[in-house]
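Take a look at the structure set out below.
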Amino acid sequence: MSEASISQKIPTEVIGLCDRLREKGKRGWIVGGCVRDMLSGRVVSDWDIATDALPQEVQKIFSKVIPTGIAHGTVTVLHHGKRYEVTTLRGETTYSDGRHPDAVHFVGDITADLARRDFTFNAIAIDPVSGLIIDPFEGRKDLEKKILRAVGNAEERFSEDGLRVLRAARFAATLEADLDPDTEKAISRTLDTFKKVSAERVRDEWVKTMKAKRPSRAFEIMRTSGILAITCPELLEGVGMEQNKHHAYDVWTHGMECMNACAGDPILRIAALLHDVGKPRTRAVSEKTKDYTFYDHDQVGAEIAHPIAARLKFSNDERARIVDLVRHHLFHYTDEWNDATVRRWMKRVGVDRIQDLYLLNEADVRSKGLEGPPDLNPLEKLKAHVAKVEEQGAALSTRDLAIDGRDLMTELGLKPGPILGKILNALLEDVIADPAKNERESLVARARELAEETRAEPATEAQKKKG
Ligand code: ATP
Ligand code: MG
């Protein structure tokens, strides 16, 4: 990309912002991720600006300034309706805890600011007014050759800040870059620093990694360097674990390919990564076929995925989604499924999870590594059958029943409590088997029977204990 064509890609407001700094005797450069993404032809979402003006000076130069991170030299400037992070040039510093710089010190030199950045392609600055590119570590060359290289001594840089090794894995995937050999070697030598990185930051990097076309590139680096043994050792159990005739890949590679093939948002792709995490612990040999079986790997997998998602501090909703998808990822639609079978499946997996399961199943089918086209027929048939059942509008949740908890209390004199939910659920089972039963009078009658059966239960339990 020539310097002239680079300047054309910078929005006029950004040039205007830097021009204003210049009028006041200061300078502004675009730096970091926006330069990297612009030079590699990607869409730039945030234009970050570095300046030799102090935060207080920036506050005076612009009328609308929010002191977002003033202690670190960052303010947010509102300029022509957009927000820009404007950060005062900073110099090298010490990191005694492996996470945060001990103190921030401002410098007047853009090159010193670039020297403290992590990778060469993240250490390029452009003066939008003159179009001049400042690239002291030859980041453009590395970007062209798709090489990820630490600025300066990789081992030293990774020992300062443990997050950088994970950023390295992430950028290798998102930019489809190869690690420079010294940078790669430094990862496994600095894992003690990496161990200090918080789970939230690991989670954020996983999520950002999922925006890559093939996130497996990052996960392979995490595996071989030792990062994954710290953050998710459960996944390593699948490495080299041979499967059966339905799969050409080991469990690990299938997980990688399934994640790559999964056309979903980051959380869904994380579920794809983990979907077979239960296989290593459930593998057995069939007496009959002498081939491997993985009975209940979906249930066991859900039990393993839960603490992983909790450990990585996913929100409750995200964790529930990941665990549900692992638990329900296995289904084999056949022509024997009737409407009731489909309704039962929909109720079991949860209506809200169905679209996710379609995408996950398609990825699963596409990533077995077998010769010939993947057989997506069963999935297509299931989709069509679900659509038909949805059209019929039959009840799939207790909310769709012709009676509710209040009816049970008024009609049967029941008190609020778990019994109401139990009865409604049993009624739903009946209605799912036969939608014609979703009719008030017969539901009340059936509920009465169920209530009596339940009332009888504790006595039987007590008798059992006596006997
Ligand atoms: P993204 O925004 O996609 O996460 P990014 O590279 O823009 O990627 P930011 O966290 O926005 O990442 O950081 C902006 C810039 O700050 C980076 O490009 C890099 O120059 C520098 N930087 C960020 N994190 C670090 C770090 N841990 N060590 C050194 N420099 C860093
Ligand atoms: Mg950024």
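The values are calculated or read from the model by the stated rules, or taken from the named source; none is laboratory data. In this text the structure is predicted, and so the values were computed from the model without any measurement. Don't worry about glycine lacking a Cβ; one is built from the backbone with ideal geometry, like all the others, and counts go over all protein chains shown. To get the accessible areas, we keep the full protein, side chains included, count just its heavy atoms, and leave off ligands, DNA and RNA. Shrake-Rupley method; radii C 1.70, N 1.55, O 1.52, S 1.80 Å.
So the values come out like this:
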{"item": "Viscosity 1.306 mPa s, 10 °C: Kirkwood-radius Stokes-Einstein D of the chain over Cα pairs, µm²/s", "result": "60"}
{"item": "Built amide H within the under 5 Å cut-off of Leu148, gap 5+", "result": "Asp178, Leu179, Asp180"}
{"item": "10 Å-binned pair-distance histogram of the range 23-75 (Cα, whole percent)", "result": "23, 46, 27, 4"}
{"item": "Heavy-atom surface of the chain, accessible at 1.4 Å and reported per residue (Å²)", "result": "50"}
{"item": "For Val365, solvent-accessible area (1.4 Å; no DNA, RNA or ligand), Å²", "result": "30"}
{"item": "Residue range of the chain that is longest and free of trypsin sites (Lys or Arg not before Pro) which are both DSSP loop and sparsely packed (at most 15 other C-beta within 10 Å)", "result": "314-467"}
{"item": "Residues Arg281 and Ala4, FRET efficiency given R0 of 60 Å [Cβ-Cβ distance, rounded to 0.05]", "result": "0.50"}
{"item": "Residue-level accessible surface for Asp178, protein heavy atoms, 1.4 Å, Å²", "result": "90"}
{"item": "For the range 3-140, alpha-carbon Rg over 2.2 N^0.38 Å", "result": "1.00"}
{"item": "Exposure rank, largest accessible area first [His79, His72; 1.4 Å]", "result": "His72, His79"}
{"item": "Cα-based Kirkwood hydrodynamic radius, the range 300-394, one decimal, Å", "result": "14.6"}
{"item": "Solvent-free Debye scattering, log10 I(q)/I(0), computed from the Cα coordinates of the range 398-466 at q = 0.20, 0.22, 0.28 Å⁻¹", "result": "-0.77, -0.89, -1.28"}
{"item": "Rounded percent of accessible protein surface that carbon and sulfur make up, the chain, 1.4 Å probe", "result": "48"}
{"item": "Kirkwood-based Rg to Rh ratio, the range 328-467, C-alpha trace", "result": "1.12"}
{"item": "For the range 335-467: lysine pairs under 22 Å (alpha-carbon distance), excluding those fewer than 8 apart on one chain", "result": "9"}
{"item": "Solvent-accessible surface ranking, highest first, for Ser130, Ser397, Ser315 at 1.4 angstrom", "result": "Ser130, Ser315, Ser397"}
{"item": "Positive-end residue, the range 398-466 charge dipole about Cα centroid, Cβ charges, pick of Ala445, Thr398, Leu420", "result": "Leu420"}
{"item": "Globularity ratio of the range 125-217, using Cα Rg and 2.2 N^0.38 Å", "result": "1.17"}
{"item": "Cα-based reach from Lys82 at 19 Å (exclusive), listing lysines while leaving out same-chain residues under 8 positions away", "result": "Lys9, Lys60, Lys64"}
{"item": "Relative contact order (%) - criterion: Cα under 8 Å, at least six apart; region: the range 237-394", "result": "25"}
{"item": "Stokes-Einstein D in µm²/s, Kirkwood radius over Cα pairs - the range 181-322 at 4 °C with 1.567 mPa s viscosity", "result": "81"}
{"item": "Computed accessible area, Leu424, all protein chains, 1.4 angstrom probe, square angstrom", "result": "20"}
{"item": "Within the chain, longest stretch clear of exposed GluC sites (Glu not before Pro) (DSSP loop, no more than 11 other Cβ within 10 Å)", "result": "1-241"}
{"item": "Relative contact order of the chain, pairs being alpha-carbon contacts under 8 Å that are 6 or more residues apart, as %", "result": "8"}
